[in-house]
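Take a look at this one; I'll ask things after.
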Amino acid sequence: MEELLDILKGLKPGVDFENEKNLIDDRLLDSLDVMNLTVELNDEFDIEITPLDILPENFQSVDAMYALITRLQDEG
C-alpha cells in the first residue's frame with residue numbers, strides 16, 4: 001500500500017489520498033492521470049491493467065486501486 005501512496009503523491013501532490021473516497025467523481029484524478037497511473041502501477045507491481053480494468057470504480061480511492069492491484073497479482 002505504501003508504494004501505491006508514494007506513486008499517487010508523486011502524481012498529484014497535495015491530495016489526501018488516504019482519506020479521499022471520490023477521486024474520480026470529485027475530479028481529483030482525470031483521464032490523463034489514470035492513464036499515467038496505469039503505466040506506473042503496471043511497472044511497479046508487475047501487473048497488466050487492461051482497458052477492461054480502467055473503470056471509475058477501480059480508481060475512485062486508494063482502497064479500490066489496492067484491491068485492483070491485489071486481484072491482478074493473484075490472477076497473474
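The values are calculated or read from the model by the stated rules, or taken from the named source; none is laboratory data. Computed from a prediction, not measured in an experiment: that's the story for all the values here. For neighbour counting, all protein chains shown are included, and Cβ atoms are generated from backbone atoms with ideal geometry for every residue, glycine included. When the accessible area is computed, the model is the full protein with side chains, heavy atoms only, and any ligands, DNA or RNA have been set aside. Shrake-Rupley method; radii C 1.70, N 1.55, O 1.52, S 1.80 Å.
So Ile24 ticks every box in (1) in contact (Cβ under 8 Å) with a residue 24 or more places away in the chain; (2) part of a helix (DSSP H, G or I) but one. Which box is left unticked?
(2)
Moving to a separate point now. Which residue is surrounded by the fewest Cβ atoms within 10 Å (Cβ to Cβ), if the candidates are limited to segment 4-26 and must be more than 18 Å from Thr70 (Cα to Cα) and either touching a His at 6+ places or on another chain (Cβ under 7 Å) or β-branched (Val, Ile, Thr) (or both)?
Per the stated criteria, the residue is Val15.
Can I ask one more? Please determine, by comparing only the residues of segment 64-76 that are without any contact (Cβ under 8 Å) to a residue 40 or more places away in the chain and within 9 Å of the chain's Cα centre (by Cα), which one is least open to solvent (accessible area, probe 1.4 Å). Walk me through it before giving the result.
Of all residues in segment 64-76, those without any contact (Cβ under 8 Å) to a residue 40 or more places away in the chain come to 64, 67-68, 70-76.
Remaining after also requiring within 9 Å of the chain's Cα centre (by Cα): 64, 68.
Working: Ala64: 22, Leu68: 4 Å².
Per the stated criteria, the residue is Leu68.
Right, next: Can you tell me which residues in segment 32-57 are part of a helix (DSSP H, G or I) and open to solvent by less than 90 Å² (accessible area, probe 1.4 Å)? Spell out how you get there, then give the answer.
We begin by selecting, within segment 32-57, every residue part of a helix (DSSP H, G or I); these are 32-45, 51-53, 56-57.
Matches in segment 32-57: Asp33, Val34, Asn36, Leu37, Thr38, Val39, Glu40, Leu41, Asn42, Phe45, Asp53, Pro56.
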